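Asks: Encoded as structure tokens, here's the structure I'll be asking about.
The values are calculated or read from the model by the stated rules, or taken from the named source; none is laboratory data. Everything quoted here is computed from the prediction, not taken from an experiment. Reconstructed Cβ throughout: ideal geometry from the backbone, glycine too, with neighbour counts over all protein chains shown. Keep in mind that these areas ignore ligands, DNA and RNA; they rest on the heavy atoms of the full protein, side chains included. Shrake-Rupley method; radii C 1.70, N 1.55, O 1.52, S 1.80 Å.
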Amino acid sequence: MKIRLEINQLTIDRPKKRWQLYFVVVAEHPSDPDKMVVTTIPTDPIKVTPNQENNIHFDDDAPGSEGLLLLQRSMPPGKELNVHFYVRHSRSDVRNAANALQDIAKELGIDALGPTENILGTNITWLEITKKALPHIGKALARIPDRDMGFISMFERFGDEFLADGEIDRKKTGGFCTIVYSWAIEMK
């Protein structure tokens, strides 16, 4: 079985109407239980304008429409997966979210093991880190001069509820953001 995680919608619960958003995703390494992986998506921040009314829809009602893919991998042996999701507002018009990943690596020091490609079903660069570095991610993000918009735990236990539907939507609020995301199971 393969599992997939997508973001469907994000609502910003602040009065300001212009944002430059990017996301930091931390997930368990697919093959090494002593490691985690971190990435930033998308490469260039998402520009939110007043006409969007602080709502971003990554999918629509069209057949086959999907959300923003965060990861796709084989089902973990214990049928549970720990994923942390941070929403960030870039205060720089020229910031590339990949620069934030470099800043995280620098802050984590020896616990940052280096970049890896084509992992977790995406074509983006992930940074491998030690599992003991996980509590330090928040501190590393605090040193980046961008605004923290919120943290969402997307931890999931894949139980029997997935057998009936195959896809479960979740809605959580963290900080100044409310996120609708989907976990899906695909049979091989």
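Asks: Consider region 81-119. How many of its residues are among the small types (G, A, S) and either farther than 19 Å from A27 by Cβ or at pLDDT below 85 (or both)? Before the answer, list the steps.
Replies: Within region 81-119, the subset among the small types (G, A, S) is 90, 92, 97-98, 100, 105, 109, 112, 114.
From the residues that got through so far, the ones that are either farther than 19 Å from A27 by Cβ or at pLDDT below 85 (or both) too are 90, 92, 97-98, 100, 109.
Of the residues in region 81-119, 6 are among the small types (G, A, S) and either farther than 19 Å from A27 by Cβ or at pLDDT below 85 (or both).
Asks: Of the residues K17, K47, K35, which single one is open to solvent by 40 Å² or more (accessible area, probe 1.4 Å) and in contact with an Asp or Glu (Cβ under 6 Å, 6 or more places away or on another chain)?
Replies: On the way: K17 fails: in contact with an Asp or Glu (Cβ under 6 Å, 6 or more places away or on another chain); K47 fails: in contact with an Asp or Glu (Cβ under 6 Å, 6 or more places away or on another chain).
The conditions single out K35.
Asks: A follow-up question, please. With the condition being free of Cβ contacts under 8 Å to residues at least 24 places away in the same chain, I'd like the strands (runs of 3 or more DSSP E) fully within region 50-122 carrying at least 2 qualifying residues. Quick ask: steps written out before the conclusion?
Replies: Numbers: elements: 55-57, 68-74, 83-89, 112-116.
Here the list reads 112-116.
Asks: Quick one: which of G121, G175 is in contact with a Leu (Cβ under 7 Å, 6 or more places away or on another chain) and open to solvent by 40 Å² or more (accessible area, probe 1.4 Å)? Walk me through it before giving the result.
Replies: Details: G175 fails: in contact with a Leu (Cβ under 7 Å, 6 or more places away or on another chain).
It is G121.
Asks: Now for a different question. Pairs only if they're at least six apart or on different chains, beta carbon under 6 angstrom, first in region 143-155 and within 13 Å of F23 (Cα to Cα), second in a loop (DSSP other than H, G, I, E, B) and open to solvent by less than 10 Å² (accessible area, probe 1.4 Å); list them, first residue then second.
Replies: Filtered contacts from region 143-155: D146/S90.
Asks: Now for a separate question. Which of the residues belonging to region 123-132 are assigned to a loop (DSSP other than H, G, I, E, B) and without any contact (Cβ under 8 Å) to a residue 40 or more places away in the chain? Lay out the reasoning, then the answer.
Replies: Going through region 123-132, the residues assigned to a loop (DSSP other than H, G, I, E, B) turn out to be 123-125.
If the condition is that a residue be assigned to a loop (DSSP other than H, G, I, E, B) and without any contact (Cβ under 8 Å) to a residue 40 or more places away in the chain, then N123 is the only one that fits.
Asks: Being more than 13 Å from the chain's Cα centre (by Cα) and within 10 Å of G150 (Cβ to Cβ) is the filter; apply it to region 4-13 and report the residue that is least open to solvent (accessible area, probe 1.4 Å).
Replies: Let us first name the residues in region 4-13 that are more than 13 Å from the chain's Cα centre (by Cα), namely 11-13.
In the following step, the residues that additionally are within 10 Å of G150 (Cβ to Cβ) were identified as 12-13.
On the way: I12: 8, D13: 78 Å².
Filtering region 4-13 for residues that are more than 13 Å from the chain's Cα centre (by Cα) and within 10 Å of G150 (Cβ to Cβ), the one least open to solvent (accessible area, probe 1.4 Å) comes out as I12.
Asks: Kindly establish whether I129 is crowded, with 16+ Cβ neighbours inside 10 Å, closer than 30 Å to R14 by Cα and not aromatic (F, W, Y).
Replies: For I129, the condition - crowded, with 16+ Cβ neighbours inside 10 Å, closer than 30 Å to R14 by Cα and not aromatic (F, W, Y) - is not met.
Asks: Those residues that are aliphatic (A, V, I, L, M), closer than 23 Å to S90 by Cβ and in a strand (DSSP E or B), I need them from region 138-178; list them, please.
Replies: Here is the first cut: in region 138-178, the ones aliphatic (A, V, I, L, M) are 140-142, 144, 149, 152, 154, 163-164, 168.
Next, only the ones that are closer than 23 Å to S90 by Cβ stay: 140-142, 144, 149, 152, 154.
Selection gives M149, I152.
Asks: In this structure, is P135 assigned to a loop (DSSP other than H, G, I, E, B), at pLDDT below 95 and not acidic (D, E)? So that I can check it myself, show each step before the final result.
Replies: Details: assigned to a loop (DSSP other than H, G, I, E, B): no; at pLDDT below 95: yes; not acidic (D, E): yes.
In short, no.
Asks: Right, something else. Out of region 33-49, which residues are closer than 26 Å to G166 by Cα and not in a strand (DSSP E or B)?
Replies: Once the filter is applied, which keeps residues that are closer than 26 Å to G166 by Cα and not in a strand (DSSP E or B), region 33-49 yields only P33.
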